[in-house]
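Student: Please find one structure pasted underneath; my questions will follow.
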Amino acid sequence: MDFRLANIRDLSKLKTVYGNIIDNMSRNNTNLGRIYPCELFSDDIENNRLFLLVEEHDDIVAAFASCESNSGESYVKWENDHDKALYLDRFGVNDYSKRGIGSNMLKHVTALTKQKNAKYLRLFVVDINKPAINLYVKNGFRKVDGIYETGYALCKEVLYMANEDKKDFNAMLNDNKDMPKFQTITDHKSIEKYGGDKLYFAPPIEYDKVMSLVPYGNVITIVEIREYFAKLSGADFTEPITAGIFVSIAA
């Protein structure tokens, strides 16, 4: 899957995807149709703040907007409210709940927030959207005191990203785990999918080096990093699972 900025050509697909999301919520007795303002997508795209996770044929799997402010922010007692924060908005996953796509997308959101040198990631969610609340809590968010009245929902469940874990990320980055290394795969489906059998494992510190070269305000995707390492090493492709883990550590 590829993580990228949305462009104006994605607009019709986005409206279809969010229509599906609203229909699924309605079937699950979570009727949130009125608070997915698709009319804001054009403005999000124009201001380079709408991001997509797409798969083969550029089908949209998930999307979100990363905003510098929110109309409800003054109604909440934020911790360290003078520190820079970004707001997650219009977060939607296109019926992929059992594949871990929601958690995967939140990792991209977190990495993007760090790239923009923001200390906190904040969001609003209505109290009847239990699946979303559970997803956010599972991924390190916690509730904050305050009530936000939008006119069409009462958002009691106001969440923001918890403080950074006390893990030694420098040690994790410098733990090469016997990498770099190559592996020859024999699975025919994987060979067909990736165009060859020579698999490359890049160490975590190399991901950190590549990501540190990305100019502020720009985005590099995991797919682009994997393609770079494969070309550099002479492999057919870079192993995707460790790539996702190491990007999260380096972000």
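Student: How many of the residues in region 72-95 are part of a strand (DSSP E or B) and either in contact with a Leu (Cβ under 8 Å, 6 or more places away or on another chain) or surrounded by fewer than 17 Cβ atoms within 10 Å (Cβ to Cβ) (or both)?
Tutor: Summing the residues that are part of a strand (DSSP E or B) and either in contact with a Leu (Cβ under 8 Å, 6 or more places away or on another chain) or surrounded by fewer than 17 Cβ atoms within 10 Å (Cβ to Cβ) (or both) in region 72-95 gives 7.
Student: Give the residue that is surrounded by the fewest Cβ atoms within 10 Å (Cβ to Cβ), with candidates limited to residues of region 226-244 that are hydroxyl-bearing (Ser, Thr, Tyr) and modelled with pLDDT of 85 or more.
Tutor: Across region 226-244, the extreme among qualifying residues is Tyr228.
Student: Please tell me if Glu227 is without any contact (Cβ under 8 Å) to a residue 12 or more places away in the chain, within 30 Å of Leu50 (Cβ to Cβ) and not basic (Lys, Arg).
Tutor: Yes, satisfied.
Student: Continuing with the same structure: Could you look through region 26-41, keep only residues that are more than 21 Å from the chain's Cα centre (by Cα) and part of a helix (DSSP H, G or I), and pick out the one that is modelled with the highest pLDDT?
Tutor: Among those that are more than 21 Å from the chain's Cα centre (by Cα) and part of a helix (DSSP H, G or I), it is Glu39.
Conditions tested, residue by residue: (1) more than 19 Å from Ser103 (Cβ to Cβ); (2) at pLDDT 80 or above; (3) of a type outside the set (Gly, Ala, Ser).
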| site | (1), (2), (3) |
| --- | --- |
| Asn134 | no, yes, yes |
| Asp145 | yes, no, yes |
| Thr186 | yes, yes, yes |
| Gly196 | yes, yes, no |
| Phe201 | yes, yes, yes |
| Tyr207 | yes, yes, yes |
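Student: So, one more: Kindly indicate which of Val223, Val214 is surrounded by 16 or more Cβ atoms within 10 Å (Cβ to Cβ), at pLDDT below 90, within 23 Å of Thr110 (Cα to Cα) and of a type in the set (A, V, I, L, M, F, W, C).
Tutor: Step by step, each of Val223, Val214 is checked, and only Val223 is surrounded by 16 or more Cβ atoms within 10 Å (Cβ to Cβ), at pLDDT below 90, within 23 Å of Thr110 (Cα to Cα) and of a type in the set (A, V, I, L, M, F, W, C).
Student: Could you list, ordered by first residue, the pairs with Cβ atoms under 7 Å in which the first is in region 71-85 and under 16 Å from Phe124 (Cα atoms) and the second is among the hydrophobic types (A, V, I, L, M, F, W, C) and loosely packed, with under 14 Cβ neighbours inside 10 Å, at least 6 apart or interchain?
Tutor: Matching pairs, first to second residue: Tyr75/Ile147.
Student: Additional query: Does Gly102 satisfy being surrounded by 12 or more Cβ atoms within 10 Å (Cβ to Cβ), more than 19 Å from Ile8 (Cβ to Cβ) and touching a Pro at 6+ places or on another chain (Cβ under 9 Å)?
Tutor: It is true that Gly102 is surrounded by 12 or more Cβ atoms within 10 Å (Cβ to Cβ), more than 19 Å from Ile8 (Cβ to Cβ) and touching a Pro at 6+ places or on another chain (Cβ under 9 Å).
Student: Give region 187-224 a look and list any residue that's of a type in the set (D, E, K, R) and either without any contact (Cβ under 8 Å) to a residue 24 or more places away in the chain or out of contact with any Asp or Glu (no Cβ under 7 Å at 6 or more places or on another chain) (or both), or say none.
Tutor: Asp187, Lys189, Glu192, Lys193, Glu206, Asp208, Lys209, Glu224
The values are calculated or read from the model by the stated rules, or taken from the named source; none is laboratory data. It should be emphasised that the depicted structure is a prediction, and the values quoted were computed from it without experimental measurement. A quick note on method: Cβ atoms are made from the backbone with ideal geometry, for glycine too, and the neighbour counts reach across all protein chains shown.
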